[in-house]
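This report concerns only the one structure given below.
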Amino acid sequence: MWLWFRCLEETSGQPKEDFHTFYKTLFLAYETVINDRAVTLIGGTRNLDTARMTRFLEQVQAHAATEWGVTLPSPDDPAFPRFLDKYR
């Protein structure tokens, strides 16, 4: 995940932490009620189980490709080792 955000940082000039926050807001936000008041909370990535983290990463990957034209390779992609060397 952080390699992807680092790639987006270099591509855009925006800090990688901003991409982390942006995507958490976009894909992990949820509505709840606190003291009879509806609020939106932003979930974190740290405690996601494997299935939910996989879904989050798929959403990030798809969004980056469609909205910004940035390909973020998965570890099973033949281009991943080169990507890893570049953004590690």
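If I compute volume of the Cα convex hull per residue in Å³ from the structure I just sent, which labelled value in [x] 110; [y] 93; [z] 198 lines up?
Derived directly from the coordinates: [x].
Can you give the angle from 0 to 90° between the axis of helix 2-12 and the longest principal axis of the chain, with both taken from C-alpha atoms, to the nearest 10?
Between the helix axis and the principal axis of the chain, the angle is about 80 degrees.
Accessible area per residue of the chain at 1.4 Å probe, in Å²?
Working: 6050 Å² over 88 residues.
With the other protein chains kept in place, the chain gives 69 Å² per residue.
How high is the relative contact order of the chain, in percent, with contacts defined as C-alpha pairs under 8 Å that are six or more residues apart?
23
Kindly sort 24, 86 by accessible area of their heavy atoms, largest first, with the probe set to 1.4 Å.
Correct descending sequence by accessible area is 86, 24.
The values are calculated or read from the model by the stated rules, or taken from the named source; none is laboratory data. Quick caveat: nothing in here was measured; it's all calculated off a predicted structure. In case anyone asks, the SASA skips ligands and DNA or RNA and just uses the protein heavy atoms, side chains included. Shrake-Rupley method; radii C 1.70, N 1.55, O 1.52, S 1.80 Å.
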